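As structure tokens, the structure follows; a few thoughts come after it.
The values are calculated or read from the model by the stated rules, or taken from the named source; none is laboratory data. No experiment lies behind these values; they were computed from the predicted model shown. Cβ sites come from the backbone with ideal geometry, for glycine too, and all protein chains shown count toward neighbours.
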Amino acid sequence: MVVLTASVCYLFSNYFGYRNVALILLFVVSILATFMNVFPLLMAAILSALIWDYFFIPPKFTFHVESAEDILMLGMYFVVALVNAILTNRIRKAEKEANEKEEKEKIIKLYNTLLNSLSHELRTPIATIIGATDTLQENEEKLDMASKKILVSEISTASLRLNQQVENLLNMSRLESGFLQLHKDWCDVNELVYKVVNEVQANTTNRQFDIQIIESLPYFKLDFGIMEQILYNLLINAVAYTPADTAIHIKVTRFDSDEISLMEPDNAKTKLVIVIRDEGKGFPEEEITKVFDKFYRIYTHKTGGTGLGLSIVKGFIEAHGGAIRLKNSSAGGAEFTIVIPTETNYMNALKNE
């Protein structure tokens, strides 16, 4: 099917650009994923990438790629094709197991949700990158420097969005496989929060963050990288679902007896409490208990997403032995409360070590 599709595309290659062939081949690989096993599916993905490179990307009939944009496109095509093939194959296996357990309807719904999410979240940034690179190549001499900077900015934004989706898919795979291992070390939560906020601000425009961190906060023994992804997913979620002129509030404390008594009963360790509150419309009350489910999305919102971000947050927090709770704040907006029991140490103690 890949060779046949590529042959037809080659016959009509004069009528449409070679980059459009990539989308057609990617669509064929997606169709093959519905009835093929993983190994022939991977072969089809690799074959489609090689055919596109050799027969369509200039210079033709060679694996050499001159343009930096084409190198980027080829690399992303290969990654997306493999991710799409593997994930779709895994969904097929999940559907088969569900049929054996008389849960066919639930898995079909999950399958459709995932495909719809991937269709939008992966193809939208790819289409943006293709359009911007086409414009740069075809009108390079006509474009002024300001227009080029705008197009490069669009490519960068789309690439970051694509990277975030792939990161979420890989993180979910790590959680499901059970191979997630924490690398705990003494962590300065003050540094952690400001680092993540700076990353979010670099990818968004003019969002206000109200940060409240108690003085003399001790060091906590955490996995810094995992905690960074937890906060990043929560803040990106808040940015995506709230108006641009509203603030996002972050409060970090060593303990909060009201919250802790409702969540984590272990009193042997000090608890790190992080509260993230936005000023949006909050969540529908009937859906609050479902938002941490894998692939679940609030359909009243138009922002989209794969429904993985909050599920990954919950998994990473539970890997730390902690818990997360969501409620609609009395002041308006959604409020996420993270409680993680952990060892603590102060700077003086660390210096003595």
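Annotations
- E66 at pLDDT below 75 and either closer than 20 Å to V8 by Cβ or not β-branched (V, I, T) (or both): no
- Candidates S173, S147, S159: the one that is under 14 Å from the mean Cα position of the chain (by Cα) and modelled with pLDDT of 80 or more is S159.
- Candidate set: segment 1-46, residues that are outside any helix (DSSP H, G or I) and modelled with pLDDT of 80 or more; chosen: the one nearest to D70 (Cα to Cα): F12
- Against the conditions (1) more than 20 Å from the chain's Cα centre (by Cα); (2) not in a loop (DSSP other than H, G, I, E, B), F61 satisfies every one except (2).
- Cβ separations smaller than 7 Å between residues 6+ apart or across chains give no pair from segment 1-12 residues that are under 17 Å from P58 (Cβ atoms) to residues that are in a helix (DSSP H, G or I) and small (G, A, S).
- Residue list for segment 204-235, filter: surrounded by fewer than 17 Cβ atoms within 10 Å (Cβ to Cβ) and more than 14 Å from H320 (Cβ to Cβ): T204, T205, N206, Q208, D210, I211, Q212, I213, I214, E215, S216, L217
- Filter result for A81 (in contact with a helix residue (DSSP H, G or I) (Cβ under 6 Å, 6 or more places away or on another chain) and either outside the structural domain of A132 (by TED's automatic domain parsing) or touching a residue at least 40 places away in the same chain (Cβ under 8 Å) (or both)): yes
- Enumeration of residues in segment 248-278 that are at pLDDT 90 or above and either over 24 Å from Y219 (Cβ atoms) or loosely packed, with under 15 Cβ neighbours inside 10 Å (or both): I248, R277, D278
To keep it simple, each residue is scored yes or no on (1) without any contact (Cβ under 8 Å) to a residue 40 or more places away in the chain; (2) hydrophobic (A, V, I, L, M, F, W, C).
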residue	(1), (2)
D185	yes, no
E191	yes, no
K195	yes, no
E199	yes, no
A202	yes, yes
D210	no, no
S216	no, no
Y219	no, no
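- The sole residue among V239, V200 that is within 19 Å of S329 (Cα to Cα), modelled with pLDDT under 90 and in contact with a helix residue (DSSP H, G or I) (Cβ under 7 Å, 6 or more places away or on another chain) is V239.
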